[in-house]
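Heads up: the structure comes next, in C-alpha cells.
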Amino acid sequence: MKKVKVKASRVEELALSSIQSSAMLQMLDIWTGWAAGKPAPVWAEVKLMAIPAPLIPMTACVDVIEGGKDFVYRYWGTGLTDLFGLDETGTRLSDNPIVSSQLILSDQLQAVLKDGCPKFFVTTIAKDSGTYANKSNLRLPIMDSPGEVTKILSLCEVERIGMEEYEDLKGYREQDT
C-alpha cells in the first residue's frame, strides 16, 4: 500500500460568529449554559452526554498540565480514532512525533488558556493527491474550580473536499520518513 503524505497547509483562528455548523452552535449554547454566567463551566457541571450526537465521536478533552506546559488527552472520541488511525487517550501532547502537529495543537490550546474563552479554528489538511479536508475545531475552556482553566473540551468536524467520506487522514499524524 502506498504511503500518502498529508500536511496542514493552512491554520486559521476565526471569530465564533463565523461558525456555521448547527451542531457546533448548539454546543456553544450548551457550554454557555454550563458556565451559568461564569467565565467557564466547572468540570463537575459538564455533562458529556449533552454534546450533540454528531459531535460525540469527534470530541476530545485534554487536562492542562502545570498551567499549559503540556496537555494530556483525558478523552479521545472514536471518530477521531477512525480519522487519524490511533487512540490518543492518556497520551501527552508533547509525545506527538510530528512537531508541526504538536505546535499547531499547542498554539490553539494556549490561545484558549490565555484568553480563557471559547476559540474556533479551521485547519486545512492537504493530501499529496490534491484532495484536502477542512478540519474545524471548537475549543472550550473548563475549570475544576472557579478561576483556572484546567481542561479544554475540543469538538471537531471535517469537511472533505474531493475525498470520499470513508477516507481518513492517518498520514497527518504519521512521522515523515
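Any read-out appearing in this document is the output of simple, stated calculations on the displayed coordinates, not a laboratory observation. Not measured: the values here are computed from a predicted model.
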**Message:** Suppose we keep just the DSSP beta bridges with both residues in region 1-124; what percent of those would be antiparallel, to 5?
**Reply:** 100
**Fill in**
One can check that the equivalent ellipsoid of region 73-112, built from the alpha-carbon gyration tensor with semi-axes equal to the square roots of five times its eigenvalues, has lengths in Å, largest first, of 18, 12, 10
**Prompt:** Please state the relative contact order of region 21-126 as a whole percent: Cα pairs under 8 Å, 6+ residues apart?
**Reply:** 17
**Item:** Distance from region 139-157 to region 26-62 (C-alpha centre basis), Å
**Value:** 9
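For region 27-107, count all C-alpha to C-alpha pairs, find those more than 19 Å apart, and express that count as a whole percent of the total. All intermediate terms of the calculation are to be shown ahead of the outcome.
On the way: 1494 of 3240 pairs.
Considering region 27-107, 46 percent of its Cα-Cα pairs are separated by more than 19 Å.
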